[in-house]
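J.: What follows is a structure written as structure tokens; I'll ask about it next.
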Amino acid sequence: MSPTPQEWLAADPDPVTRAELEGLIEAGDQAGIDDRFGGRLTFGTAGIRGPMGAGPNRMNRVVVRQLAAALAEWLGGAGGVVIGHDARHNSDVFAADIAEVLAAGGCWPVLLPPRSPTPVLAFAVTRLKCAAGVMVTASHNPAGDNGLKVYLADGAQIIPPHDQAIEAAMAAQSLPPRELPSRGLDPEWPQSVTVLIPYLAAILSNVTVRGPFHPLAYTPLQGVGLPILTMALEHIDNGKPFVVKDEAEPDPFFANVVSPNPEHPDTLTKLIARANQIDTPLALATDPDADRLAAAVWAYDNEWRILTGDEIGALLCDWLLTTTHGGTERVVANSIVSGRLVGRIAEARGATHVETLTGFKWIARAADNLGPRPDGLDWRLVFGYEEALGFACNDAVRDKDGISAAVQFVAMCRALVIDDGSTPIQRLGELMDEFGLHRTDQVTVDLDGRSGSACMDLIRAAPPDRFGAIEVARTTDFGEGVGGLYPADVLRFDLADGSRVSLRPSGTEPLIKGYIEVVGDVCYPDPLVRLREAVAELIGGL
């Protein structure tokens with residue numbers, strides 16, 4: 001049963017959210033109360049995330065304590081749990097609450113230093129041999145949001161059925177008391193540790209350094225990436241990056257950035273201006289918790305080109321397979337909505353290519369379930385990516401990692417210069433010459449409040465036989481658990497001309513996202529534009 005607002009007030013230790021709820025009650029704002037109490041935050045990609053505020057449908061200290069108690073229950077009241085947090089509003093408070101609740105529940109909490117990047121937390125889980133990890137972050141969400149990501153003992157994000165078990169335990173939790181009874185922290189267990197040096201050693205272990213110093217402009221988008229990226233670049237003798245000054249320091253308000261999301265078209269405007277100022281052809285950005293990487297490079301036509309996630313993925317895949325010794329035991333993985341160029345590069349370079357569901361909880365585990373090899377070698381994930389600017393370049397971090405991806409990208413640029421005076425754009429063109437033209441794009445269609453899953457079912461009931469003038473050659477419904485993958489609400493349409501359209505609903509908003517890929521020579525004009533229009537027309541007509 002959902003708690004009443006009065007019961008919530010009695011349990012809430014935060015005077016800010018108590019005042020918010022008291023104000024709604026005094027004003028008789030039933031719509032505002034219903035919005036906060038009519039549902040509850042549910043597990044998404046790897047935990048919970050949403051706007052901060054009062055009630056079970058918002059991120060707040062009561063919800064955080066409930067999740068921590070559910071995690072302690074799921075762990076059986078034992079084991080170490082490493083906790084990290086970014087620089088968002090209340091992230092430090094949430095982390096402290098999690099530690100107290102876990103300790104009271106019999107677990108051993110280990111706090112990372114304040115303002116740690118998400119990939120450092122993922123690394124710390126296995127480094128410290130913990131039973132789980134919790135990262136307090138909302139990644140690239142707006143300033144008013146926060147969230148928790150849960151990691152399993154293997155250092156990767158939580159997956160079914162474990163997330164469902166913790167969510168069920170969380171829903172069954174009674175409201176915690178405002179004042180937590182503390183068991184006291186175990187003096188034999190380290191309460192606060194740093195794993196920064198081992199993390200840096202791990203991500204630098206497979207970086208091939210050759211070629212001259214390559215200056216770069218950089219922005220952490222007012223997040224936590226700058227100190228660690230600077231240390232990593234100095235370790236490969238590339239000096240400190242030239243930072244966008246008013247985006248350098250963490251700010252929970254993100255006051256100086258257009259958006260904390262590096263996929264936003266105007267987010268990199270100041271970064272490119274900074275690159276022009278120092279006359280460098282390379283500009284990189286990490287998102288606020290430093291698990292994503294965006295890149296802009298100087299192109300042939302004397303203008304900047306912001307690379308897509310698929311283009312960065314192709315360049316990093318080619319680079320890592322070129323610099324990493326081995327054969328088919330090397331695994332390259334990407335999500336089912338990402339482009340196909342990386343798979344073709346992997347196969348041509350003698351690696352094994354694996355497609356996974358969207359999300360690094362699947363990509364990071366791509367090499368785990370391939371079965372024993374006849375030669376006795378262990379499978380190892382050399383590279384994993386998804387088109388939304390997430391890249392894994394070292395299997396010591398079982399999650400996307402903007403820091404290690406940035407260092408590898410800089411190393412690649414240095415090698416291109418020394419080898420043949422080349423650039424990322426030229427190398428991308430060479431890959432297109434070798435494997436054919438691959439162009440990708442996205443379209444997002446607002447459903448005006450309708451359920452994304454319900455609209456996907458309508459498409460399943462009457463699947464399109466063409467997109468624009470191009471016939472559908474094959475339809476794949478991943479809701480049926482294709483190829484041993486966990487069932488997912490994704491439809492893929494392979495078209496007669498080699499193009500591809502994939503559709504999936506947003507997990508948090510009434511939207512359907514379309515992923516479009518055009519491959520090879522095409523004879524009709526603006527194929528990506530035409531396919532975007534066709535996707536919008538299909539969904540708009542539901």
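J.: Can you work out ³J(HN,Hα) from phi for every residue in region 316-321, in order, using Karplus 6.51 cos²θ - 1.76 cosθ + 1.60 and θ = phi - 60°, giving whole Hz and x for Gly and Pro?
T.: Result, ordered by residue: 5, 4, 4, 5, 5, 6 Hz.
J.: Any idea of the accessible area per residue across the chain, 1.4 Å probe, to the nearest Å²?
T.: On a per-residue basis, the chain sits at 40 Å².
J.: If you fit an axis through the alpha-carbon atoms of helix 226-235 and take the longest principal axis of the Cα set of the chain, what angle between them do you get, 0 to 90°, nearest 10?
T.: Result, in degrees: 50.
J.: If I take R0 = 45 Å and measure r between the Cβ atoms of E533 and T194 in this structure, what FRET efficiency does the formula 1/(1 + (r/R0)^6) give, to the nearest 0.05?
T.: Working from the Cβ atoms, E equals 0.30.
J.: Ok, one more. Rounded to whole Hz and in sequence order, give me ³J(HN,Hα) for region 283-296 from the Karplus expression 6.51 cos²θ - 1.76 cosθ + 1.60, θ = phi - 60°, writing x for Gly and Pro.
T.: 9, 10, 9, 10, 6, x, 9, 6, 9, 10, 10, 10, 9, 10
J.: Could I ask something else about it? Under the rule a/c < 1.5 gives rounded, and otherwise a/b versus b/c splits prolate from oblate, where does region 27-132 land using the Cα gyration tensor?
T.: prolate
J.: Cα centroid distance between region 262-330 and region 438-482, in Å?
T.: 30 Å
J.: Specify whether the C-alpha gyration tensor of region 62-114 places it in the rounded, prolate or oblate class, a ≥ b ≥ c being the square roots of the eigenvalues: rounded for a/c under 1.5, otherwise prolate if a/b is larger than b/c and oblate if not.
T.: oblate
J.: So, in nm, how far is label E480 from label K129 when the simple model puts each one 7 Å beyond its Cα toward the Cβ?
T.: About 4.6 nm separates the two model spin labels.
J.: Once the other residues with Cβ under 10 Å from the Cβ of E247 are scored (Lys, Arg +1; Asp, Glu -1), what is the net sum?
T.: Here the count lands on 0.
J.: How large is Rg/Rh for region 301-372, to two decimals, with Cα atoms and a Kirkwood Rh?
T.: That ratio equals 1.02.
J.: Leaving ligands, DNA and RNA out of it, report the carbon-plus-sulfur percent of the accessible area of the chain at a 1.4 Å probe.
T.: Answer for the chain: carbon and sulfur cover 53 percent of the accessible area.
J.: Which net charge results for the neighbourhood of L71, defined as the other residues with beta-carbon distances under 14 angstrom from its beta-carbon, given Lys and Arg at +1 and Asp and Glu at -1?
T.: That sum, taken over residues with Cβ under 14 Å, equals -3.
J.: What's the local net charge at L268, with K and R +1, D and E -1, over the other residues with C-beta under 15 Å away?
T.: With Lys, Arg at +1 and Asp, Glu at -1, the neighbours total -3.
J.: While we're here: Tell me, Kirkwood radius of the chain from alpha-carbon pair distances, in Å?
T.: Here the Kirkwood hydrodynamic radius works out to 24.4 Å.
J.: Quick one: compute the contact order of the chain, relative version, from alpha carbon pairs under 8 angstrom and 6+ residues apart, as a percent.
T.: 11 percent.
J.: What number, rounded to the nearest 500 deg cm²/dmol, is the helix-based mean residue ellipticity at 222 nm of the chain, given -39500 (n - 2.57) per DSSP H run of at least four residues and division by all its residues?
T.: Per the formula, -10500 deg cm²/dmol.
J.: Another question, then. Per residue of region 245-260, in order, report the coupling 6.51 cos²θ - 1.76 cosθ + 1.60 (Karplus, θ = phi - 60°) as ³J(HN,Hα) in whole Hz, putting x for Gly and Pro.
T.: 4, 7, 10, 7, 8, x, 8, x, 8, 6, 5, 9, 10, 4, 7, x
The values are calculated or read from the model by the stated rules, or taken from the named source; none is laboratory data. No experiment lies behind these values; they were computed from the predicted model shown. Here the Cβ is made from the backbone with ideal geometry for all residues, glycine too, and neighbour counts use every protein chain on show. For the accessible areas, the whole protein counts, side chains as well, though only heavy atoms, and no ligand, DNA or RNA atoms are used. Shrake-Rupley method; radii C 1.70, N 1.55, O 1.52, S 1.80 Å.
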